[in-house]
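Asker: Take this structure first; my questions come after.
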Amino acid sequence: METFIVGVLLSFLVIIAIGIIVLRDLLAAVILLGVYSLIAAGAFVVMDAVDVAFTEAAVGAGISTILYLGALRFTTDRQKPRGHDSLPALLFVVLTGALLIYGTLDMPHYGSATSPAQTHEQVAVRFLEVSGDEVGPPNIVTSVLASYRGYDTLGETVVVFAAGIAVMSLLGLRRRRPQQDISDDERAES
Amino acid sequence: MMQSITGLYNYWAVIILMMAGLYILIARYNLIKKMIGLGVFQTSIFFLYITLGKVSGGTAPILTDTVPAGQLAAATGATAPEVVYSNPLPHVLILTAIVVGVATSAVALALAIRIYEAYGTIEDDEIRHIDLGDIDS
């Protein structure tokens with residue numbers, strides 16, 4: 001049943017992705033990306049990744065949609081129409097996808113308990129067995145995030161800090177200026 | 001045969017999503033549209049990792065004291081209370097990846113805004129033409 005639910009949600013995601021490819025209106029595409037993130041978050045709950053689900057719902061569907069909307073506000077929400085779709089790109093994508101699907105034939109099946117990721121003693125099994133005593137919190141994801149992989153999380157914070165600095169230095173702190181809107185209108189008229 | 005279709009369906013759907021994102025990235029000229037494609041690609045990778053961490057019959061990796069009667073850990077490396085947990089490690093990696101992904105896309109969108117200010121367009125090919133001086137802006 002779980003597998004079925006995840007399968008249906010994944011099919012929704014595929015439909016949404018096709019919608020994003022086809023749509024020319026960037027605003028609609030951004031909203032579809034938010035829907036895509038939210039449905040992915042729902043599927044993550046079914047697949048037992050509750051922490052990932054609420055991070056994806058808050059950060060992926062929430063904050064990043066707001067960032068995109070802000071960027072559209074300062075640029076334009078129209079994608080210029082092109083007559084044709086790129087055939088080489090389509091061929092490349094189909095070929096790569098076929099190779100990747102060929103590569104999945106050896107992969108452990110969904111939910112397999114005997115796959116290497118599940119049985120390696122030094123990693124997942126050890127976290128499950130001893131993190132309650134060694135670290136404390138009942139939520140194992142918290143233990144791994146803050147303790148066993150603490151440097152990873154520190155690095156993440158550094159990346160977020162650097163990104164904040166980069167955005168500030170690119171855009172500056174002061175905003176923003178009526179003549180942009182006028183030139184927008186002129187461009188729309190011409 | 002049927003079993004391997006249901007067992008591998010997730011991977012295939014993830015690959016289709018990845019390729020949809022990659023196609024947007026290659027074939028669309030609008031910079032923000034490219035970012036959206038990258039977002040589709042990124043979320044599909046999250047899906048791949050969470051798929052790898054799922055154990056069927058498992059529960060979220062939060063320690064419980066109670067032992068559900070019918071749910072004995074036959075397969076995963078036996079924890080003391082007989083509950084099957086899904087693998088927490090992919091969850092941790094993806095938590096980091098989500099936050100880093102939003103940070104990088106914020107930088108990319110800021111760049112798109114700056115490009116729009118400087119060139120008056122966010123279409124890739126038009127920017128290149130302006131750079132090469134083919135058309136006067």
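The values are calculated or read from the model by the stated rules, or taken from the named source; none is laboratory data. Since the structure is predicted, the reported quantities are computational estimates derived from the model, not experimental observations. Reconstructed Cβ throughout: ideal geometry from the backbone, glycine too, with neighbour counts over all protein chains shown. The accessibility values were calculated without ligands, DNA or RNA, using every heavy atom of the protein model including side chains. Shrake-Rupley method; radii C 1.70, N 1.55, O 1.52, S 1.80 Å.
Asker: Which helices (runs of 4 or more DSSP H) does region A:25-77 wholly contain that include 1 or more residues that are out of contact with any Cys (no Cβ under 6 Å at 6 or more places or on another chain) and in contact (Cβ under 8 Å) with a residue 60 or more places away in the chain?
Answerer: On the way: elements: A:26-46, A:50-55, A:64-74.
Correct list: A:50-55, A:64-74.
Asker: Quick check on A:ILE140: is it in contact with a strand residue (DSSP E or B) (Cβ under 8 Å, 6 or more places away or on another chain) and either farther than 19 Å from A:ALA71 by Cβ or free of Cβ contacts under 8 Å to residues at least 60 places away in the same chain (or both)? Give the steps one after another, and end with the answer.
Answerer: On the way: in contact with a strand residue (DSSP E or B) (Cβ under 8 Å, 6 or more places away or on another chain): yes; either farther than 19 Å from A:ALA71 by Cβ or free of Cβ contacts under 8 Å to residues at least 60 places away in the same chain (or both): yes.
Here the answer is yes, as A:ILE140 does meet what is asked.
Asker: Any chance you could count how many residues in region A:110-136 are out of contact with any helix residue (DSSP H, G or I) (no Cβ under 8 Å at 6 or more places or on another chain), more than 7 Å from chain B (Cβ to nearest Cβ) and within 30 Å of A:GLY7 (Cβ to Cβ)?
Answerer: Residues in region A:110-136 being out of contact with any helix residue (DSSP H, G or I) (no Cβ under 8 Å at 6 or more places or on another chain), more than 7 Å from chain B (Cβ to nearest Cβ) and within 30 Å of A:GLY7 (Cβ to Cβ): 2 in total.
Asker: Also: Can we say A:LEU105 is over 21 Å from the mean Cα position of the chain (by Cα) and facing chain B (nearest Cβ under 8 Å)? Spell out how you get there, then give the answer.
Answerer: On the way: over 21 Å from the mean Cα position of the chain (by Cα): yes; facing chain B (nearest Cβ under 8 Å): yes.
The answer is yes for A:LEU105.
Asker: Mind listing whichever residues of region B:30-57 are assigned to a loop (DSSP other than H, G, I, E, B), facing chain A (nearest Cβ under 7 Å) and either open to solvent by 10 Å² or more (accessible area, probe 1.4 Å) or of a type in the set (A, V, I, L, M) (or both)?
Answerer: Selection gives B:VAL55, B:SER56.
Asker: Let me ask you something else. Return the residues of region B:2-29 that are of a type in the set (Val, Ile, Thr) and facing chain A (nearest Cβ under 7 Å); say none if nothing qualifies.
Answerer: Step one: list which residues in region B:2-29 are of a type in the set (Val, Ile, Thr), which gives B:5-6, B:14-16, B:24, B:26.
Listed by number, the residues that qualify are B:THR6, B:ILE15, B:ILE16, B:ILE24, B:ILE26.
Asker: Determine, yes or no, whether A:VAL6 is open to solvent by less than 80 Å² (accessible area, probe 1.4 Å), of a type in the set (Val, Ile, Thr) and touching a residue at least 24 places away in the same chain (Cβ under 8 Å). I'd like the intermediate steps shown before the answer.
Answerer: Numbers: open to solvent by less than 80 Å² (accessible area, probe 1.4 Å): yes; of a type in the set (Val, Ile, Thr): yes; touching a residue at least 24 places away in the same chain (Cβ under 8 Å): yes.
Criteria met by A:VAL6.
Asker: On to the next question. List the helices (runs of 4 or more DSSP H) that sit entirely inside region A:104-190 and contain at least 2 residues that are of a type in the set (S, T, N, Q) and either surrounded by 14 or more Cβ atoms within 10 Å (Cβ to Cβ) or at pLDDT 80 or above (or both). Give the steps one after another, and end with the answer.
Answerer: Values: elements: A:116-119, A:126-134, A:140-143, A:150-171, A:179-189.
Result: A:116-119, A:140-143, A:150-171.
Asker: Test A:ALA49 against the stated conditions and say whether it is within 7 Å of another protein chain (Cβ to nearest Cβ), surrounded by 15 or more Cβ atoms within 10 Å (Cβ to Cβ) and among the aliphatic types (A, V, I, L, M). It would help to see each step written out before you state the result.
Answerer: On the way: within 7 Å of another protein chain (Cβ to nearest Cβ): yes; surrounded by 15 or more Cβ atoms within 10 Å (Cβ to Cβ): yes; among the aliphatic types (A, V, I, L, M): yes.
So A:ALA49 fits the description; yes.
Here's the yes/no breakdown for (1) more than 7 Å from chain A (Cβ to nearest Cβ); (2) in contact (Cβ under 8 Å) with a residue 60 or more places away in the chain; (3) buried (at least 17 other Cβ atoms within 10 Å of the Cβ); (4) charged (D, E, K, R):
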{"residue": "B:HIS91", "(1), (2), (3), (4)": "no, no, yes, no"}
{"residue": "B:VAL99", "(1), (2), (3), (4)": "no, no, yes, no"}
{"residue": "B:THR104", "(1), (2), (3), (4)": "no, no, yes, no"}
{"residue": "B:ARG114", "(1), (2), (3), (4)": "no, no, no, yes"}
{"residue": "B:ALA118", "(1), (2), (3), (4)": "yes, no, no, no"}
{"residue": "B:ASP124", "(1), (2), (3), (4)": "yes, yes, no, yes"}
{"residue": "B:ARG128", "(1), (2), (3), (4)": "yes, no, no, yes"}
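Asker: Is it the case that some residue within region A:84-102 is surrounded by 11 or more Cβ atoms within 10 Å (Cβ to Cβ), part of a loop (DSSP other than H, G, I, E, B), among the hydrophobic types (A, V, I, L, M, F, W, C) and more than 7 Å from every other protein chain (Cβ to nearest Cβ)?
Answerer: no
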